[in-house]
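Remarks on the structure that follows.
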Amino acid sequence: MKKDEGKIIAVAGSKGGCGQSFICNCIGNYLAANTDKNVLIMDLNTGRIDSRIIYRTEEKNIRSIYDIKNMSGEVDETLLKKIVVNFSNSLNLILPPLYFDNIKTVTLKNFTRILSALRKYFDVIIIDAPFPFCLSSNENNIHELVDKLLMVSTPDLISLSNLNIIINQLKGSIEYLNPHIIINKYNTKPSVSFSLLNTILKYPVEYFVPFDRDIEQLYLERGPACIFKYNLKITRDLAAISGNLMTELY
């Protein structure tokens, strides 16, 4: 990758409800507000309206990458403008499609071409990537394209066991990817003990992010950017993760 090309961060979760999208959106908003980087969040969670609600775009007819009909031509600025939503600061967003009809039109080859084009216009691209698309062994595997991988899990037995399976599938690429493991909502139940956590996972945990009901409510009602106005452990942790990623990437 060329030095002046944008960096790609993929955020994957071990199961639904682990906070993968929360982590992704918070990091993207923090970087957009506190660095000079032009940030793009790419939501690939097909069939989910979460991002449209959080960013108040649910009433708008916004296209996604799956709406690009001609994948054989050049992916230029004009085409990208049709799918990228710009906000007042340096935050940008690509929303997922609400329906699965066109999802098969985007192969790994086509997605790679789109990412290559996006890298020319954005300094940081953060992909909210469901596990099958991001890490599996099929043709729609993108893990070799990313610069940093964050893997999010809650502290319960099922989520941690799923995470361990994912890590095992990455054995051939684990040294290259060097994923950052985030245990989200570590102060909630059900949760395993720290000793059992170390037994289940064969890879070190780097971050523990607490659950805060008030912050989650604020996140849903007013968006991710406003939570950083509060000096709480959860916001300090998210700010630290974001800052460390920039240090590693740049």
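The values are calculated or read from the model by the stated rules, or taken from the named source; none is laboratory data. On a predicted model such as this, the values are computed, not experimentally measured, just so you know. Glycine gets a Cβ as well: all are built from the backbone with ideal geometry, and neighbour counts include every protein chain shown.
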Is it the case, given these coordinates, that Tyr99 is at pLDDT below 90, surrounded by fewer than 20 Cβ atoms within 10 Å (Cβ to Cβ) and part of a loop (DSSP other than H, G, I, E, B)?
yes
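Only residues that are exposed (fewer than 15 other Cβ atoms within 10 Å of the Cβ) and either in a loop (DSSP other than H, G, I, E, B) or modelled with pLDDT of 75 or more (or both): list them for the range 64-78, please. Reasoning before the result, please.
Initial filter on the range 64-78 (exposed (fewer than 15 other Cβ atoms within 10 Å of the Cβ)): 67, 69-70, 72-74, 76-78.
Across the range 64-78, the qualifying residues are Lys69, Asn70, Ser72, Gly73, Glu74, Asp76, Glu77, Thr78.
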Being closer than 19 Å to Tyr250 by Cβ, aliphatic (A, V, I, L, M) and surrounded by fewer than 24 Cβ atoms within 10 Å (Cβ to Cβ) narrows Ala10, Ala33 down to just Ala33
When the range 14-30 is checked residue by residue, the ones that are surrounded by fewer than 17 Cβ atoms within 10 Å (Cβ to Cβ) and either without any contact (Cβ under 8 Å) to a residue 12 or more places away in the chain or in contact with a Ser or Thr (Cβ under 6 Å, 6 or more places away or on another chain) (or both) are Gly16
Restricting attention to the range 25-57, the residues that are farther than 10 Å from Leu95 by Cα and either part of a helix (DSSP H, G or I) or of a type outside the set (Ser, Thr, Tyr) (or both) number exactly 19
Inside the range 191-239, the number of residues satisfying the requirement of being in a helix (DSSP H, G or I), in contact (Cβ under 8 Å) with a residue 12 or more places away in the chain, more than 25 Å from Leu31 (Cβ to Cβ) and of a type in the set (Val, Ile, Thr) is 1
